[in-house]
Amino acid sequence: MSVDIFLQNVANSITLGSLYALIAIGYTMVYGIIRLINFAHADLLMVAAYIAFFGILIFSLPWYWAFILAIILTTLLGVTIEKVAYRPLRNSPRISVLISAIGVSFLLQNVAIVVIGARPKPFPRPEQLVWNINIGEISFLSLTIIIPIVTFILLAVVMFIVKKTKMGIAMRAVSRDFETAGLMSVDVNKIITLTFVIGSALAGVGGIMWSMQYPQVDPLMGLFPGIKCFIAAVMGGIGSVPGAMIGGFVLGFCEIMIVAFLPALSGYRDAFAFVILILILLFRPGGILGENTVEKV
Amino acid sequence: MLKIKRGRYITIVAVLIALSMLVVGCGGGAADKGTSDKDQAGDVIKIGVYEPLTGTNAAGGQMTVEGIKLANELYPEVLGKKVELVVVDNKSEKQEAANAVERLISKEKANVIIGSYGSSLAMAGGPVALDAEVPVIGCSPTNPAVTLDNDYYFRVCFIDPFQGTVMSNYATGKLGAKTAAIIQDVQQDYSVGLSNYFEKAFKATNGDASIVAKVNYNTGDKDFSAQLTEVKSKNPDVIFAPGNFLECGILVAKARELGINVPILGGDTWEAEEFLNQVTQYKDIYFSTHFTAEEPVTPVSTTFLDEFKKAYPNKEVNAFAALGFDTYILALDAMERAGSADSTAIRDALAATENFAGATGIITLDENGDATKTAVIKKVMDGKFVYETKVDPQ
Amino acid sequence: MMKEVLTTDHISMEFGGLRAVSNLHMQVFPDEIVGLIGPNGAGKTTVFNMITGVYTPVEGQIYFNEQNITGLNPAQIAKLGIARTFQNIRLFNSMTVLENVMISKHLRRKTNIIDAVLGLPRYNRERHEHYQECMALLKKVQLDDVANEMATSLPYGKQRRLEIVRALATEPVLLLLDEPAAGMNPNESLELMEFITRIKNEFNLTILMIEHHMEVIMGICKRIYVLDYGINIAEGNPREIQTDQRVIEAYLGVDMDA
Amino acid sequence: MDDRKNIKMVLNIALLLVICIILWWGQQNLSAFYIRILNLSAVFVVLGISMNLVLGFTGMFSLGHSGFMCIGAYVAAILTMSPASKEIIYFMEPITPLLANVQWPIFPAIVAAGIVSAFFGFLIGIPALRLRDDYLAIATLGFAEIIRIVVTNTITITNGALGLKNIPSVKSLWVYWGIAIITVIILKRIINSNWGYAFKAIRDNEIAAEAMGISIFGHKVLSFTIGAFFAGIAGALMAFLITSVDPTMFRFTFTFQILLIVVLGGMGSLTGSVISAVVITILMEVLRVVEQPMNLLGILQIPGLPGMRMVIFALGLLLVILYYRQGLMGTREFNWDYILDRIDSIRKRGTST
């Protein structure tokens, strides 16, 4: 494989990886706090994309306003979902919460189908953000640079909140154990809401970035990135924010490189992601960065 | 306390929504009853339509139904009876498709059935119709297996072997390609089948080494950069990438972004605005299809065009609408020729179809019930689908 | 000299570098009642968890009837004849009292699931035997009248008793009781003491029990081991323990009846 | 007590008889459409209760059901298709000579389908069942997708994306409901046996269960394998019902439909799953009217809303899980004792007054 082709693959990996990372951070935030695979997270991507879409095309807002609006509304939706569908089940078996999450995701998708229609729509890329870059034989979109930057900034912000602020400390307390956190006069509900605010906002950004990279929005668009990014989060060590970042990039690189080096196996690409997931779950449940805990009787 | 209240409130709202839906549903049910009582009297002829209106194939299904409805408005009567269209969604799922056909036959008592976009769906519906001996006319399922040993399945479109060969010949002849790369969706029978026929034909003319790369992706994938980079590294003269417009739109656009400027070829599924929207600013994108507005092949074509423009002023004329249109008028024509709405009679009439002038061209059904007819090749230019040439069956 | 039923040969357990139990050497002889006491967090339950195979000791071996059982899983150990109860009651909440006890017969089964599906006579016979045995057990402990109640519907005291019966149903040689008297008032725990001695004799069991209620321990235990911060600071008969300086220090400031 | 036993046996036989009569009547008088819907619901009954065994009774959140269905469907299809049609269908790459000429009758094929997918269930269970809750869920979901993708890519065996058609068609209510009823009986026996107790014990409290000598892992694998077995059988039935299969049928989203059945019916109740399987399958069809364009009393015209059905089901799932967690039946089962007690009490009241 020639050098520039390899570099091209690297560029591709960075694009894909940073997208995975961005969305995975949202997953890991929520999971870290309430130990729930938020299936609805994937559909928040879709919602954000549609809001931005309508904002730009129907209400002809400037793209930045549309994006901000999308992020805000997605955040609100995310918080509402938590209040309505997860909070009532806080003290019931985890299976119920998980089912509830699946139900929400199921609902969002189908409501979107009914209201907006199943046919995909082209996502308007603001040309201020998206242009082609050619370096010799290698060519990629400006997004290949923008998305990682956004991802890193958001990572930094989240890390700051979690590590430095009072909120963040409370968060980590809650993530250890609701009751004790409650006893330590931490308002668990408030913290969880905050978590969902951050998580959903990230989903909003993720959805917008995703649909700028792959400019097509449809009601089921969340399905695949959703699962892939959860895998990324698990790989990195679910609950660990930098872990999600790393997991995202690792998955991105693996997915690109397997096709690059073994084109014959390109049909198995998605299976490959799951294989990684299962291996990680079995042999290093804590993921790359997470710590493995012993269960006490 | 307050939270509990809120919880209650939400339940109530949700329940109300659900109830209202159900009520509406029943209302609709009542309305349906009304009509179905009427047809016991036998003064309507029912044409059942099963198409994917939701799910992965939604776009194709909806375009087809537009064409069918248009034809129905134009020709609402046959044998002096009113024609009633019964359209059911098959959700792009096989078991739903089978149910849908069974419903149309034994519940709605459809005399003839139209559908379905998506060969696998058609294959799910086919056997049901065969058992009940009700003829089905496919608009756009191009997989040869659909009509295979099923005497009650017909179609007004050409089939993949032909389509694949046509594109291969076009690539070699018109585009002077010596080498080609194939990018296929391993989960779509359509994509895999078409690639296969293209490959055969292309190798036949240009030698076994002429296919320089063959890479796969899965339905629902959004990132094709790796596959395309692989193809780029082999720099072929053309790329053949048949598949869903959903994936292909992004795929083709991405190819151009990656600086792959060789012609990219595809199949009839590309004729959808979803696809066009993705590739408006690019060129050298060719695909085979069933119909063109530029070259009305028959007088029917012109009527279809005018009527479509009238009915859907802000929509692009597309092949699937045209095919839908044709299936409907062919069904009516068959009934006229049979002189009755009896299913077996219609079936025989359909089997005997020769030189039937449809919007998409002259249709003659062979012993399999497949149409042998002209393929049209279109290309993307200045953000529009532009007629390139047409290829007659030899 | 009689052969010991249980020997923990200098076992230790760690959690993330923290030593919960270190170098405990403990012996239990046939039909003794041995007590294991110590302040909260002294690692008593950890010892039980090691004996029953929930944890594998980081050092040392555990012998049961001279068989090395270190590293076996709890199910295997239960089959060998060690049964236990839990500090925080762990009943099967969705099941009736009878069913809770029937579960314990599962490990003594001789038939397989195919027999069950086909409803072969040998399965039905076995099943009936188990039923009889369990009802008999429940009768012995005056729980037969509530056999078909939900386990969770029982009052606290009876739940404790049920947990013991469930353990007995596995036909154990050695019974480990983890704070059986927890949350009981003096005369309840008096009853309990009688109950324990009774079942001990009736099923000729050897019993190792963790308990905070000193009167219970001192009342029925032949020998006592005292743990403090995972270290065995004393062992001997009740009188020796009560007068042992280290024990008193360990418990200093801790209410003896806590 | 003993006469109560006899009464119950009589009642059970009577019930079976009644069912047989209904089936016989249905086979004679129902239209092909209703028969198809009933058969489909039988398939979902098998799916529902087998998933309930794993999810409801053993408390393992496995989302792998669609994968095992996929295996079952393909095994049954390949074993029963005629060599001739195999020739035609595998037009891209010929089928491996090993399978080219096999053609089994329906029932052995169904059993084989069950056994093969049980085998895979066993293989997958051994690693996967070390995991819990949502990790188990995502891992099993992963395995299901892997199965599907492998099936898509092993063209010489499965014909890949082109799928299989000309699978012998089975229409008789007897076959589908017969198998459904047998499945119910088998699972009911399992659940009322020691093994059933053991499963529930594991669900209720793993640590206690293990301390009582129940080997957790062994029983989990057992339950999972049984679940896979019946999922495979359901897959086979599905293949004979539709007479053509392809990998896209078995997306993990399909598992969610089964989950819907289990949850609405009540996790831990076979009766519930049976009822909700039938009801939901029928509703799927009945609610089509919601998607048809319709006019309310001729006043206002409502355009067709494709997708409305799924919205209703999604709402249903949410409402149940949020406000009525036990679902239709909770963990209760249909049993004669309850009914007989009722009758007795009524009689008593009758006599007392």
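The values are calculated or read from the model by the stated rules, or taken from the named source; none is laboratory data. This is a predicted model, so every value here is computed, not measured. Quick reminder, even Gly has a Cβ in these numbers, built from the backbone with ideal geometry, and neighbours come from all protein chains shown.
If I filter the stretch D:219-239 for residues that are over 17 Å from the mean Cα position of the chain (by Cα) and of a type in the set (A, V, I, L, M), do I get at least one hit? Among the residues of the stretch D:219-239, at least one is over 17 Å from the mean Cα position of the chain (by Cα) and of a type in the set (A, V, I, L, M), which makes the answer yes. Among the listed residues D:I147, D:I106, D:I126, identify the single one that is in the same structural domain as D:S169 (by TED's automatic domain parsing), out of contact with any Gly (no Cβ under 9 Å at 6 or more places or on another chain) and closer than 30 Å to D:R203 by Cα. Checking each option against the conditions leaves just D:I126. Here B:G259 clears all of (1) touching a strand residue (DSSP E or B) at 6+ places or on another chain (Cβ under 6 Å); (2) within 28 Å of B:V65 (Cβ to Cβ); (3) surrounded by fewer than 19 Cβ atoms within 10 Å (Cβ to Cβ) except the condition numbered (2).
D:F122 meets the conditions (1) aromatic (F, W, Y); (2) more than 9 Å from every other protein chain (Cβ to nearest Cβ); (3) buried (at least 24 other Cβ atoms within 10 Å of the Cβ) in every case but one. The failed one is (3). Within the stretch B:107-157, which residues are more than 16 Å from B:V87 (Cα to Cα), touching a Phe, Trp or Tyr at 6+ places or on another chain (Cβ under 9 Å), surrounded by 24 or more Cβ atoms within 10 Å (Cβ to Cβ) and among the β-branched types (V, I, T)? Across the stretch B:107-157, the qualifying residues are B:T142, B:V146, B:T147, B:V156.
Only residues that are among the aromatic types (F, W, Y) and more than 14 Å from every other protein chain (Cβ to nearest Cβ) were counted in the stretch D:88-119, giving 3.
The residues of the stretch A:23-70 that are within 18 Å of A:R90 (Cα to Cα) and among the charged types (D, E, K, R) amount to a single one, A:R35. Does the stretch C:180-196 include one or more residues that are part of a loop (DSSP other than H, G, I, E, B) and either acidic (D, E) or modelled with pLDDT of 85 or more (or both)? Scanning the stretch C:180-196 turns up at least one residue that is part of a loop (DSSP other than H, G, I, E, B) and either acidic (D, E) or modelled with pLDDT of 85 or more (or both). Scanning the stretch D:1-50 for residues that are of a type in the set (S, T, N, Q) and buried (at least 20 other Cβ atoms within 10 Å of the Cβ) yields D:N39, D:S41, D:S50. Restricting attention to the stretch B:178-214 and to residues that are within 24 Å of D:F250 (Cβ to Cβ) and hydrophobic (A, V, I, L, M, F, W, C), the residue that is farthest from the chain's Cα centre (by Cα) turns out to be B:V186.
Would you say D:I191 is assigned by TED's automatic domain parsing to the domain that holds D:V116 and within 20 Å of C:A75 (Cα to Cα)? Considered against the rule, which asks whether it is assigned by TED's automatic domain parsing to the domain that holds D:V116 and within 20 Å of C:A75 (Cα to Cα), D:I191 comes out as no. Looking only at residues of the stretch D:132-177 that are basic (K, R) and more than 14 Å from chain A (Cβ to nearest Cβ), we find that the one that is nearest to D:L38 (Cα to Cα) is D:K171.
Just to be sure, is A:F249 touching a helix residue (DSSP H, G or I) at 6+ places or on another chain (Cβ under 7 Å), part of a helix (DSSP H, G or I), aromatic (F, W, Y) and more than 13 Å from chain D (Cβ to nearest Cβ)? So A:F249 fits the description; yes.
Output the residues belonging to the stretch B:44-60 that are within 14 Å of chain A (Cβ to nearest Cβ) and modelled with pLDDT of 90 or more. Selection gives B:E51, B:P52. The strands (runs of 3 or more DSSP E) found entirely in the stretch B:75-158 that carry 2 or more residues being within 9 Å of another protein chain (Cβ to nearest Cβ) are B:81-89.
All conditions in (1) free of Cβ contacts under 8 Å to residues at least 12 places away in the same chain; (2) buried (at least 19 other Cβ atoms within 10 Å of the Cβ); (3) farther than 23 Å from D:A208 by Cα hold for C:M26, with the sole exception of (1). Checking the structure you have, find out if any residue of the stretch D:61-70 is outside any loop (DSSP other than H, G, I, E, B) and in contact with an Asp or Glu (Cβ under 8 Å, 6 or more places away or on another chain). The answer is yes; a qualifying residue exists. Among the residues of the stretch B:118-156, those identified as closer than 16 Å to B:G193 by Cβ and of a type in the set (G, A, S) are B:G118, B:S119, B:S120, B:A122, B:G138, B:S140, B:A145.
For B:F224, the stated conditions hold: it is touching a Leu at 6+ places or on another chain (Cβ under 9 Å), in contact (Cβ under 8 Å) with a residue 12 or more places away in the chain and within 28 Å of A:I227 (Cβ to Cβ).
In the list A:I169, A:I113, which residue meets the criterion of being out of contact with any Gly (no Cβ under 6 Å at 6 or more places or on another chain) and assigned to a helix (DSSP H, G or I)? Only one candidate passes the filter, namely A:I169.
For the residues A:G226, A:G204, A:G182, the requirement of being out of contact with any Ser or Thr (no Cβ under 9 Å at 6 or more places or on another chain) and either of a type in the set (A, V, I, L, M) or not in a loop (DSSP other than H, G, I, E, B) (or both) singles out A:G182. Counting only strands (runs of 3 or more DSSP E) that sit wholly inside the stretch B:270-378, those with at least 2 residues that are of a type in the set (S, T, Y) are B:285-289. Inspect the stretch A:5-12 for any residue being within 19 Å of A:L154 (Cβ to Cβ) and either surrounded by fewer than 24 Cβ atoms within 10 Å (Cβ to Cβ) or not polar (S, T, N, Q) (or both) and give the result as yes or no. There is no residue in the stretch A:5-12 that is within 19 Å of A:L154 (Cβ to Cβ) and either surrounded by fewer than 24 Cβ atoms within 10 Å (Cβ to Cβ) or not polar (S, T, N, Q) (or both).
Looking at A:G206, A:G290, A:G222 in this structure, which one is modelled with pLDDT under 85 and either more than 14 Å from chain D (Cβ to nearest Cβ) or under 29 Å from A:I161 (Cα atoms) (or both)? Of A:G206, A:G290, A:G222, the one residue that is modelled with pLDDT under 85 and either more than 14 Å from chain D (Cβ to nearest Cβ) or under 29 Å from A:I161 (Cα atoms) (or both) is A:G290. Anything in the stretch B:217-235 that is at the interface with chain A (Cβ under 7 Å from one of its Cβ atoms), outside any helix (DSSP H, G or I) and not charged (D, E, K, R)? List them, or say none. Selection gives B:Y217, B:N218, B:G220. Consider the stretch D:310-353 and keep the residues that are modelled with pLDDT under 85 and within 14 Å of chain A (Cβ to nearest Cβ). The one that is surrounded by the most Cβ atoms within 10 Å (Cβ to Cβ) is D:G327. Whether any residue in the stretch B:76-89 is assigned by TED's automatic domain parsing to the domain that holds B:R337, surrounded by fewer than 24 Cβ atoms within 10 Å (Cβ to Cβ) and small (G, A, S) is what I want to check. Yes, some residue in the stretch B:76-89 is assigned by TED's automatic domain parsing to the domain that holds B:R337, surrounded by fewer than 24 Cβ atoms within 10 Å (Cβ to Cβ) and small (G, A, S).
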